[in-house]
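First up is the structure itself, then whatever we jot down about it.
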Amino acid sequence: MENNFNSILVANRGEIALRIMRTIRENGLKCVAVYTLADSGSPHVRFADRAICIGDGPVHESYLSITKILDAAKKTNANAIHPGYGFLSENSDFAKAVEASGITFIGPSSDAIKAMGNKGEAKRRMIKAGVPCVPGYEQLDQSNAALINAANSIGFPVMVKAAEGGGGRGMRLVESEKSLLDDINSARSEVLNAFGSDELILEKAIVEPRHIEIQIFGDKFGNIVHFAERDCSVQRRHQKVIEEAPSPVVSDNLRKIMGEVAINAARAINYEGAGTVEFLLDKDENFYFLEMNTRLQVEHPVTEFVTGYDLVSLQIDVAQGQALAMTQDDIVISGHSMEVRLYAEDPCNEFLPSSGDIIHWQEPSWVNLRVDSGIIEGQTISPFYDPMLVKFIAYGGNREEARVLL
């Protein structure tokens, strides 16, 4: 391909920064890293062609600083910025600032990010577009009376959720009206501290659902395809723990239907780049829109294994104005893939994040096992960032082969 970029700055750290940089280099481009003093010994810093220090450690003074990220891009003459996931990846103000600076943002438009960044607004748009949604309340009236009336109208049990943000913050399963007000107040307090907004939505609790997400991809010419589904039903504290592709419960026909709905959802906001439309699937194969992630997902490698496509490479192509080189019929699932995550956590202390030195680390190199790692032996794990260190992704001819390898 012909590159319009010379170098790409990766506004992230750890395993995802390193994973993105490898594809950048495979595409014949230079990669720029940003790092903090706490991350100075990290592999992504050593791998990059250039690296710029953006602070001591705390995220609000470094990886979440739009000004520092843009300054680093300008100092290194980076043509584009890839946000990875987390940090500023779904921040519409960041995308808008990158666009205004004349640097290419490798991701959707700031308008698309903003449209999907608030769960209430996203649901309102999806309902208008005819996408099936979980019955709930997503209106702007946030008074206690409005929420209580809505919960009684929906019927218990209901889920209380943050309208902005994710990761399970503020999420409450409410069994009856008796505890509703306390749950609303505690959820508001938690999400205000986490995301700076205390807006909530309510949803009917779906009993024993599967969490199914469809990987979609769009270009600047209105072409949108999907790369089938991932099953992310195994979760802890509303955060994904084990992900796999394809889902063991999704038939070819259901995959086709869900894929078409996901494409329609993306088309409703003129989506470009990689994104994920998440659904809840009940035991009767009814599915409901949950949210849309306007970025690359942590679990994207399982999709890459079973489809054979490098999603980051496609992101770079689309960001340079190229049309998607495949049609829906070109995308075929082969085999099965599973991913698990390695965390720095203390199982004796409710799995809270732990810090310290990595005394020993030996990365396995087995056939059909992919290791997305952001650590090296002797590295210090600081208390400032997410405790996920490594992802192990196994591939097999079928689900059992992938499971056994993992």
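The values are calculated or read from the model by the stated rules, or taken from the named source; none is laboratory data. Predicted, not measured: the structure shown is a model, and the values here were computed from it. For neighbour counting, all protein chains shown are included, and Cβ atoms are generated from backbone atoms with ideal geometry for every residue, glycine included. The accessibility values were calculated without ligands, DNA or RNA, using every heavy atom of the protein model including side chains. Shrake-Rupley method; radii C 1.70, N 1.55, O 1.52, S 1.80 Å.
Computed values, structure above
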quantity: Search result, residues across segment 166-184 that are closer than 13 Å to L202 by Cα, open to solvent by less than 30 Å² (accessible area, probe 1.4 Å) and not in a helix (DSSP H, G or I); calculated: G170, V174
quantity: Qualifying position, being small (G, A, S) and surrounded by fewer than 18 Cβ atoms within 10 Å (Cβ to Cβ), among A151, A146, A163, A187; calculated: A146
quantity: Number of positions in segment 251-272 that are touching a helix residue (DSSP H, G or I) at 6+ places or on another chain (Cβ under 7 Å) and buried (at least 24 other Cβ atoms within 10 Å of the Cβ); calculated: 2
quantity: Every residue from segment 206-231 that is in contact with a strand residue (DSSP E or B) (Cβ under 9 Å, 6 or more places away or on another chain) and acidic (D, E); calculated: E213, D219, E229, D231
quantity: Residue, surrounded by the fewest Cβ atoms within 10 Å (Cβ to Cβ), within segment 78-101, restricted to residues that are in contact (Cβ under 8 Å) with a residue 40 or more places away in the chain and under 13 Å from the mean Cα position of the chain (by Cα); calculated: Y85
quantity: Looking only at segment 102-142, and only at residues there that are among the acidic types (D, E) and either without any contact (Cβ under 8 Å) to a residue 24 or more places away in the chain or in a helix (DSSP H, G or I) (or both), the one that is surrounded by the fewest Cβ atoms within 10 Å (Cβ to Cβ); calculated: D141
quantity: Qualifying positions in segment 367-402 - within 21 Å of V332 (Cα to Cα) and either of a type in the set (S, T, Y) or not in a strand (DSSP E or B) (or both); calculated: N368, Y395, G397, N398, R399, E400, E401, A402
quantity: Of residues in segment 41-69 being over 22 Å from the mean Cα position of the chain (by Cα) and farther than 28 Å from I358 by Cα, the one surrounded by the most Cβ atoms within 10 Å (Cβ to Cβ); calculated: K68
quantity: Yes/no for Y35 being free of Cβ contacts under 8 Å to residues at least 40 places away in the same chain, under 22 Å from the mean Cα position of the chain (by Cα) and crowded, with 20+ Cβ neighbours inside 10 Å; calculated: yes
quantity: Any hit, segment 197-216, residues being in a helix (DSSP H, G or I) and either over 26 Å from V249 (Cα atoms) or in contact (Cβ under 8 Å) with a residue 12 or more places away in the chain (or both); calculated: no
quantity: The listed residue being of a type in the set (S, T, N, Q) and either within 26 Å of A112 (Cβ to Cβ) or touching a residue at least 12 places away in the same chain (Cβ under 8 Å) (or both), out of N253, N270; calculated: N270
quantity: Any hit, segment 312-319, residues being open to solvent by 20 Å² or more (accessible area, probe 1.4 Å), under 24 Å from E272 (Cβ atoms) and over 24 Å from the mean Cα position of the chain (by Cα); calculated: no
